[in-house]
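The next block holds one structure in the form of structure tokens; read it before the comments.
Values in this text are rule-based calculations from the coordinates and carry no lab data. Source: prediction; values computed, not measured.
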Amino acid sequence: MATLAHGRPQPSDNASAATQVAVELYWLPLGAGGHVVRLNGKVFEAAAAALGGRRPLDLYHSALQVHLPEGCYTIESAPVQDTDAQARGVVASGPVGSRWAGRFRIFRYEIRCWCDGVIPDIGEAVDSPQRLTDDEDVARLLLRLVPQVPTPVWGRNELRAGDMWNSNSIISWLIVSSGLDEESVRMPRGGRAPGWDAGLVVARRRGPL
């Protein structure tokens, strides 16, 4: 994917966004707002870079916002917080690390499609938002597809896609499955999104929905 210079996000004005149609992609630095996750990410990337014979890159995870006349929907994935899933628009969940561990809430992730929800630490997003479409039919199709996203084990290559499955896989799966142009997605300069290719591969196998 092509790269761009780093930039600060310019979130859409809430008052006007409700009357516009758009699907927007956000890139957030891994561990934004959480020092432990950020440190672990740096250690992981340093090891991956050493094994690959390259320099370490900045790691990002992604989220979507779908603006429709009736409201703005946030689509993201995160660890399961508590039992009040309906309040966060949870539509699916899966295990983290292993299926056995997934019996415990602490080892589960959830997929949210949250009307008027928020993207945590959106103020730290880079080269965002990236508008992917203003086609209302495509935007509504994408929303309908969220509950159909595969939920294999997080952090594993269970689907034999050549990359581990994570939050980036979910977003890239939705982009391809809804017919959006994956080539229009721009990765922040000097960064990479682990798991992104897994979503692309799995969605292509299934074809347009």
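Listing for the model above:
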item: Cα-based shape type of segment 62-103, given that a ≥ b ≥ c are square roots of the gyration tensor eigenvalues and the cut on a/c is 1.5; result: prolate
item: Prolate/oblate/rounded call for segment 138-195, Cα gyration tensor, a/c under 1.5 rounded; result: oblate
item: Projected-area mean, segment 114-173, by convex hull of Cα positions, square nanometres; result: 5.5
